[in-house]
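Encoded as structure tokens, the structure appears first; notes follow it.
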Amino acid sequence: MVNITDSGNGNAPQEMEQFLPRDGSSNGKYKITPAKKDSELGSPLDTYDPFAGRDTDQATTNNETLTHLLKASLGTGILSMPIAFKYSGLINGIIMTIFTAFICTHCSYVLVKCAHKLYYKCRVDKMSFSDVAEEAFKRGPAWGRKFAGFSRILIDGGLFLTYFGTCSVYTVIVAKNFHQVLEHWQIDISLKALIAALLIPLILLSWIPNLKYLAPVSMVANLFMGTGLGITFYYLVQDLPPIEERSYFELYSLPSFFSITIFAMEAIGVVMPLENSMKTPKSFLGICGVLTQGMSGVTMIYMLLGFMGFLKFGDGTAESITLNLPVEEVPAQIVKIAIALAVYCTFGLQFFVCLEIVWNPLKDKCEKRPLVCNYVLRTVLVTAAVVLAILVPTIAPFMGLIGAFCFSILGLIMPVFIEMVTDWETGFGAYNWVIWKNVIIVLFGLFALVFGSLSAVNDILEQLVGTVEGAQD
């Protein structure tokens, strides 16, 4: 040990004592200030504001965010709600739709709530879904830290597969709707040619720089979807049969109801991009927040279309309600065109999720010309999605299997695990009610995973059988 001469107080300080700050008193005591715990960050005493440093010039307003959320949730899956009600019954369908919407909305709420807590802990102003998961596990209990890297890979990989595949499926849907109308008017053009013709329009759509400028496109998409649904409702209210002719409750086919409804409503991939782009991100949550407003409206539309569609067509309800419409009539053709245009406009929002996942790890390597690299990447990704659609125009059932796997794990199970590790130090409420709540959601997620996957596999087998029979003919 180094010897240090006495300074006159009779006690020579030891080696480590030279580095300890004194408390300023004359009694020679040393003041040790403990480090602030992560759980204390974000408290009212913490002056850091993660939302103050956001770029408000390019940020979206609450209404613009609500428009995006509505478009993300009002996809083509809504057209399958009548057959979902066929599997559940009229009254049971209303109850189960509300229950499913509550679970999906709650999981999105939990994800954003945990992100806001982690903003304070990490001293950042925005995070992606995978950032939230990785940081939550890193800063959580010791047993969970080894899963931090895996959670990022799982989320980024799952979201990219799901949303990139969705972009490819959307390309096929747009082309098919136009193809059906052209076929009726005896205009002969192949489906693959129509898909290829969409390449340039989709590239131009993908070049819209951010969600701020994409908001008007989502508004137009909502108008097209509203037009299509409005005409559909016109057909549904004509000559309605007595409600007593339809079943009220079905239990044995309820798994098929959930496999349709969950994956129609689920939009977990766009939740964090929307929150990150908001001017007032705190407004995303709350009883009257953007998330609650959007999902409440979506739930009402889903219930109304499902109820009216099954009431109108009964056991003859098709997989998509548009297949029940008389294609020879002009209003029904307008429905197909309006939905095709709505899906085209929605492509940009779905594509934004893929772009963020791929661009985030690349942007630091493109410091010289980031804008050029970004737009080249956009063009390459869109081209790849269109080429995939041309090569495999029957990709939809396979994407159903990937969606069943990814949305059940990422949309339902992963958010509650993130909540558990984020709140590990602060506790889980009276009687650990948060744990019991999350156990129910995990069981529901596993239920969706199993039956959603079985439904998707059944669709794949039906398609393969149809392909073989068509080749034999």
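The residues on offer are Phe417, Phe398, Phe405, Phe447, and the sole one that is under 25 Å from Tyr120 (Cβ atoms) and under 21 Å from the mean Cα position of the chain (by Cα) is Phe417. Checking each residue in region 80-113 for being of a type in the set (A, V, I, L, M, F, W, C), closer than 22 Å to Asn222 by Cα and surrounded by 23 or more Cβ atoms within 10 Å (Cβ to Cβ) picks out Met81, Cys104. Restricting attention to region 184-203, does a residue exist that is buried (at least 17 other Cβ atoms within 10 Å of the Cβ), within 30 Å of Met420 (Cβ to Cβ) and not aromatic (Phe, Trp, Tyr)? Taking every residue of region 184-203 in turn, none turns out to be buried (at least 17 other Cβ atoms within 10 Å of the Cβ), within 30 Å of Met420 (Cβ to Cβ) and not aromatic (Phe, Trp, Tyr).
Against the criterion of being outside any helix (DSSP H, G or I), touching a residue at least 60 places away in the same chain (Cβ under 8 Å) and basic (Lys, Arg), Lys126 qualifies. Selection of first residues in region 130-158 that are in contact (Cβ under 8 Å) with a residue 60 or more places away in the chain and of a type in the set (Asp, Glu) and of second residues that are surrounded by 13 or more Cβ atoms within 10 Å (Cβ to Cβ) and assigned to a helix (DSSP H, G or I), restricted to Cβ pairs under 7 Å at least 6 apart or on distinct chains, gives the following pairs, ordered by first then second residue: Asp156/Ser130; Asp156/Ile357. Of all the numbered requirements in (1) more than 25 Å from Thr346 (Cα to Cα); (2) in contact (Cβ under 8 Å) with a residue 12 or more places away in the chain; (3) in a loop (DSSP other than H, G, I, E, B), Ile208 misses one, and that requirement is (1).
Among helices (runs of 4 or more DSSP H) entirely within region 254-345, having at least 3 residues that are touching a Ser or Thr at 6+ places or on another chain (Cβ under 6 Å) and under 30 Å from Phe51 (Cα atoms) singles out 268-276, 290-313. Every condition in (1) within 28 Å of Ile321 (Cβ to Cβ); (2) outside any helix (DSSP H, G or I); (3) aliphatic (A, V, I, L, M); (4) within 21 Å of the chain's Cα centre (by Cα) is met by Ile189 except one, and the failing one is (4).
Candidates are the residues of region 264-290 that are among the hydrophobic types (A, V, I, L, M, F, W, C) and within 12 Å of the chain's Cα centre (by Cα); the one that is nearest to Cys354 (Cα to Cα) is Val270. Selection of first residues in region 97-114 that are more than 15 Å from Ala448 (Cα to Cα) and of second residues that are of a type in the set (S, T, N, Q), restricted to Cβ pairs under 8 Å at least 6 apart or on distinct chains, gives the following pairs, ordered by first then second residue: Ile98/Thr299; Thr105/Thr292; Cys114/Thr422.
Rundown of residues vs (1) modelled with pLDDT of 95 or more; (2) basic (Lys, Arg); (3) assigned to a helix (DSSP H, G or I); (4) more than 26 Å from Gly411 (Cβ to Cβ), yes/no style:
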site	(1), (2), (3), (4)
Trp143	no, no, yes, no
Ala215	no, no, yes, no
Thr232	no, no, yes, yes
Tyr235	no, no, yes, yes
Leu240	no, no, no, yes
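The values are calculated or read from the model by the stated rules, or taken from the named source; none is laboratory data. Please read all numbers here as calculations on a predicted model, not as lab measurements. Heads up, the Cβs are rebuilt from the backbone with ideal geometry, glycines too, and the neighbour counts pull from every protein chain shown.
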